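Each value in this text was obtained by applying a stated rule to the coordinates, not by laboratory testing. Just so you know, these numbers come straight off a predicted model, no measurement behind them. Ideal geometry is used to build each Cβ from the backbone, glycine not excepted, and the neighbour counts take in all protein chains shown.
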Amino acid sequence: MTKIEKGDLVNSGKAKSLYKTSDPDLYILHYRDDTSAFDGEKKESLEGKGKTNNKFNAFIMQELEKQGVATHFNELLSETDSLVKKLKMIPVECVVRNIAAGSICKRLGLKEGLELNPPTFEFFYKDDDLHDPMINDFHIISFKWATENEITQMKEKTFQVNEILKRLFANAGMILVDYKLEFGSYKGDLLLGDEFTPDGCRVWDSETREKLDKDRFRQDLGDVVESYKLIAERLGIT
Ligand code: TMP
């Protein structure tokens with residue numbers, strides 16, 4: 001592991017904090033136990049979630065890198081900290097849905113569990129006060145949040161991640177229902193940033209369809225961190 005000093009706090013989000021380092025191109029991402037849902041309305045500290053998600057994210061990012069998706073992840077620094085490249089983030093969330101759940105069910109009156117074939121894609125504007133409204137490509141261009149080329153790349157990369165992770169989860173007896181990705185630029189390249197953990201995706205058991213992700217927290221189903229650990233264990237994350 002690299003010896004790197006944690007510098008000033010750059011930004012503290014709902015579940016992670018970002019710190020400067022002695023290298024201007026690198027940041028430290030610190031995973032906290034804080035858990036939030038419904039744009040910060042429901043909050044709790046869940047012991048061990050920070051450690052679990054830090055390790056989970058490292059595994060997924062490394063798996064994606066191996067299969068050709070460039071990410072900001074550099075290396076694990078400690079149980080709760082990862083070294084990442086400093087990105088200029090695009091303030092949009094890219095969501096791919098293989099199965100209808102969550103907001104799309106409310107918005108379009110769908111029954112949870114409906115298979116979406118082909119999978120569908122949605123952009124959301126990252127703003128809790130506005131409750132992350134759904135937006136389209138034209139908004140992104142008009143407000144100059146990203147270029148046409150970056151939009152194309154975000155869609156391509158998000159679907160590429162779907163192919164890789166759908167298989168990974170299926171091989172471990174789970175269904176990847178949906179997930180959210182965020183991207184940012186680094187020295188002219190668009191890289192996958194933020195995190196991929198059970199906080200930002202939906203994962204069901206393939207046989208029982210039991211919810212194993214943050215819906216356990218949103219819907220008060222209990223055993224939230226235990227369930228995240230179960231997903232990790234099935235994926236072979238040690
Ligand atoms: P949704 O059903 O609430 O729109 O969310 C779709 C997926 O994206 C779900 O796995 C949760 C994830 N997501 C986040 O993690 N953060 C967000 O701000 C949004 C809008 C979605």
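Take every pair of alpha-carbon atoms less than 8 Å apart whose residues are at least six positions apart; their mean separation over the length of region 49-130 yields a relative contact order of 23 percent.
Multiplying the residue separation of D39 and K51 by 0.36 nm and removing their Cα-Cα distance gives an extension gain of 2.1 nm.
With the alpha-carbon atoms of region 89-158 aligned to their principal axes, the span from lowest to highest coordinate is 35, 29, 18 Å, starting with the largest. Listed cross-link partners K111/K144; K126/K187; K51/K214; K3/K43; K187/K211 are compared with a 27 Å cut-off, the Cα-Cα value being larger for K111/K144; K3/K43; K187/K211. Separation between the T208 and R107 pseudo-spin-labels, each 7 Å from Cα along Cα→Cβ, expressed in nm? About 3.1 nm separates the two model spin labels.
Once C-alpha pairs closer than 8 Å and six or more residues apart are averaged by separation and normalised to the residue number of region 135-238, the relative contact order reads 18 percent. Ellipsoid semi-axes for region 179-238, based on the Cα gyration tensor and the rule √(5λ), read 27, 13, 10 Å when sorted largest first.
Helices in the chain that qualify as membrane-span-like (whole DSSP H runs, Cα extent of at least 15 Å along the helix axis, mean Kyte-Doolittle hydropathy of -1.0 or higher) are 148-171, 224-235.
Mean sequence separation of contacting Cα pairs (under 8 Å, at least six apart), scaled by the length of the chain, corresponds to a relative contact order of 17 percent.
Is region 147-199 best put as rounded, prolate or oblate by its Cα gyration tensor, with a ≥ b ≥ c the root eigenvalues, rounded for a/c under 1.5, and otherwise prolate when a/b is larger than b/c, oblate when not? Write down the numbers at each step before the final one.
Details: a/c = 2.78, a/b = 2.09, b/c = 1.33.
Prolate, because a/c is 1.5 or more and a/b exceeds b/c.
From largest to smallest, the equivalent ellipsoid semi-axes obtained for the chain from the alpha-carbon gyration tensor read 25, 23, 18 Å. If R0 is taken as 41 Å, the Cβ-Cβ distance between N117 and S12 corresponds to a FRET efficiency of 0.55. For region 17-119, the Kirkwood hydrodynamic radius from C-alpha pairs, put into Stokes-Einstein at 25 °C and a viscosity of 0.890 mPa s, yields a diffusion coefficient of 151 µm² per second. With each label modelled as a point 7 angstrom along the Cα→C-beta vector, the M89-D25 pair spans 2.2 nm. Averaged over residues, the count of other Cβ atoms within 10 Å places the peptides 148-161, 199-212 in the sequence 199-212, 148-161, highest first.
In terms of Cα atoms, the Rg and Dmax of region 1-50 work out to 13.0, 37 Å. Taking one quarter of the surface of the C-alpha convex hull of region 105-201 gives a mean projected area of 7.6 nm².
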